[in-house]
Amino acid sequence: MNLDIISIGDELLIGQTLNTNAFWIAAELDKIGFTVRQHTSISDNKEHIVKTLTEVLSNSDVVLITGGLGPTSDDLTMPVLNEYFGGKLVVDVTVYADIEKMILGRGFEMNENNKRQALVPDNCKVIRNPNGTAPGLWFERENKVVAAMPGVPFEMKAMITDTVIPWLKQKYVLPEIVHQMVLTQGLPESKLAEVIADWENQLPTTIKLAYLPSPGRVKLRLSSKGKDRVEVQHKVDEQVVKLMQIIPNNIYSTDNSNLEEVIGKLLKQKNATLATAESCTGGYLAHLITSISGSSDYFKGSVISYANEIKINELGVNPTDIENYGAVSQQVVEQMAAGVLKKFNVDYAVATSGVAGPTGGTPEKPVGTVWIAVATKNNVVSKLFTFGKLRNVNIERSAVAALGMLREVIG
């Protein structure tokens, strides 16, 4: 069952407003079994609206429209849909009463613009708007549905949740859709695809695989649909088990927990504590760790040792090693990790030191060179990474790589 989303408004096309409506609608309608075919953003233009609606109705069963239902001259959705479906605008007494109650309740008088909003096509069902003055519209033609809602997010969300979704469930028999996320770290997208190629090629035709990369991580999404949700989930789970046998060390979650959540759970299970010493990540690693509620149970603190004197005075790094090897070196980052472990008397410590960029690189240590170390009371392990040239991306990838190393050490 295909569904299209049309977002109307010049403000969307010029980058003035972010189209969060389409994002939210797609997620909610996917949950109940629709296949979202396309998002389309268009201008407040009659010809454009008509052309787009005609095109999407030839490919989809349901079209959800947001925007252009206001009372001003640039809001064209209502009259265009009325003409498109051959209706006649009439006053809906229920809509008028809703608008009047809202306007008077706010201490204003009903004006002509408010009264005009009670005009709706006589061949549609009205989607009542409990949070605003613009009603929604529901049209049916040849077993297809076109529903229009205001573009104001909190108004639209209530109308979708309270009316549109229940009406769609009444009208259509919808399949069960399962999306299973497998979160990985440590393999770039191209390498991951190479490693799991045989598994991917042997997936049942009913299961689709998508790669969703972000700095330092790749999410794998397995999607399938069918009549019985339990059966669909079981078939997907079988493939996840096979995948975990291929890349067991790279998968950190199958329940959509992020890496910092996983770290927190591991530390709590071991009743262990953690501290960080950060140079190139500048506190971002600690930020990720402390973004998890309850992290105070295991995270003790951090030293942001951006300057060499802080590395020396607060973490006990040997100044001779900084002079001989540089701040971005295995020798220094291992001493940073060991120093913060001792300073905070914790079970695990992580340290980062690198060239985030865009300046500061050398031929020997170009921008993107990062050393990371993880220390315990018995050992220190370190690893050299070579990332790219974008500063913010390098900081994020460094923090993610540090969490990945920590996860491996915790076990």
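The values are calculated or read from the model by the stated rules, or taken from the named source; none is laboratory data. What you see is a predicted model; the values in this text were computed from it and never measured. As a convention, Cβ positions derive from the backbone with ideal geometry for all residues, glycine included, and neighbour counts pool all protein chains shown.
If you go through region 179-186 one residue at a time, do you hit one that is closer than 27 Å to residue 61 by Cα and touching a residue at least 60 places away in the same chain (Cβ under 8 Å)?
yes
Got at least one residue in region 196-214 being crowded, with 16+ Cβ neighbours inside 10 Å, touching a Phe, Trp or Tyr at 6+ places or on another chain (Cβ under 6 Å) and not small (Gly, Ala, Ser)?
Checking region 196-214: not a single residue is crowded, with 16+ Cβ neighbours inside 10 Å, touching a Phe, Trp or Tyr at 6+ places or on another chain (Cβ under 6 Å) and not small (Gly, Ala, Ser).
Any residue at all in region 86-93 that's crowded, with 20+ Cβ neighbours inside 10 Å, of a type in the set (D, E, K, R) and in contact (Cβ under 8 Å) with a residue 12 or more places away in the chain?
Taking every residue of region 86-93 in turn, at least one turns out to be crowded, with 20+ Cβ neighbours inside 10 Å, of a type in the set (D, E, K, R) and in contact (Cβ under 8 Å) with a residue 12 or more places away in the chain.
What number of residues within region 115-132 satisfy the criterion of being farther than 17 Å from residue 79 by Cβ and crowded, with 18+ Cβ neighbours inside 10 Å?
3
May I ask you to say which residue of 167, 138 is closer than 17 Å to residue 32 by Cα and in the same structural domain as residue 53 (by TED's automatic domain parsing)?
The conditions single out 167.
Does region 289-308 contain at least one residue that is in contact (Cβ under 8 Å) with a residue 60 or more places away in the chain, in contact with a helix residue (DSSP H, G or I) (Cβ under 7 Å, 6 or more places away or on another chain) and closer than 16 Å to residue 375 by Cα?
Within region 289-308 (the criterion being in contact (Cβ under 8 Å) with a residue 60 or more places away in the chain, in contact with a helix residue (DSSP H, G or I) (Cβ under 7 Å, 6 or more places away or on another chain) and closer than 16 Å to residue 375 by Cα), the answer is no, since none of the residues qualifies.
What single numbered condition from (1) surrounded by 23 or more Cβ atoms within 10 Å (Cβ to Cβ); (2) part of a loop (DSSP other than H, G, I, E, B); (3) of a type in the set (Gly, Ala, Ser) fails to hold for residue 373?
Condition (2) is where residue 373 drops out.
Regarding residue 352, is this residue modelled with pLDDT of 95 or more, under 21 Å from residue 260 (Cα atoms) and touching an Asp or Glu at 6+ places or on another chain (Cβ under 6 Å)?
When the stated conditions are applied, residue 352 passes them.
Would you be able to tell me the number of residues in region 11-25 that are more than 13 Å from residue 156 (Cβ to Cβ) and touching a strand residue (DSSP E or B) at 6+ places or on another chain (Cβ under 9 Å)?
2
Quick one: residue 177 ticks every box in (1) under 38 Å from the mean Cα position of the chain (by Cα); (2) in the same structural domain as residue 69 (by TED's automatic domain parsing) bar one, so which box is it?
(2)
Scan region 149-167 and tell me whether some residue there is in contact with a Ser or Thr (Cβ under 9 Å, 6 or more places away or on another chain) and assigned to a strand (DSSP E or B).
Yes, because at least one residue in region 149-167 is in contact with a Ser or Thr (Cβ under 9 Å, 6 or more places away or on another chain) and assigned to a strand (DSSP E or B).
Going by the structure shown, is residue 272 under 22 Å from residue 345 (Cα atoms), out of contact with any Ser or Thr (no Cβ under 8 Å at 6 or more places or on another chain) and touching a residue at least 40 places away in the same chain (Cβ under 8 Å)?
Yes, satisfied.
Checking residue 27 against (1) part of a helix (DSSP H, G or I); (2) farther than 25 Å from residue 227 by Cα, which single condition isn't satisfied?
All conditions are met except number (2).
Let's see how each residue does on (1) aliphatic (A, V, I, L, M); (2) in a strand (DSSP E or B):
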| residue | (1), (2) |
| --- | --- |
| 193 | yes, no |
| 199 | no, no |
| 205 | no, no |
| 211 | no, yes |
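When region 30-64 is examined, which residues are found to be in contact with a strand residue (DSSP E or B) (Cβ under 7 Å, 6 or more places away or on another chain), within 25 Å of residue 82 (Cβ to Cβ) and in a helix (DSSP H, G or I)?
48, 49, 52, 53, 56, 57
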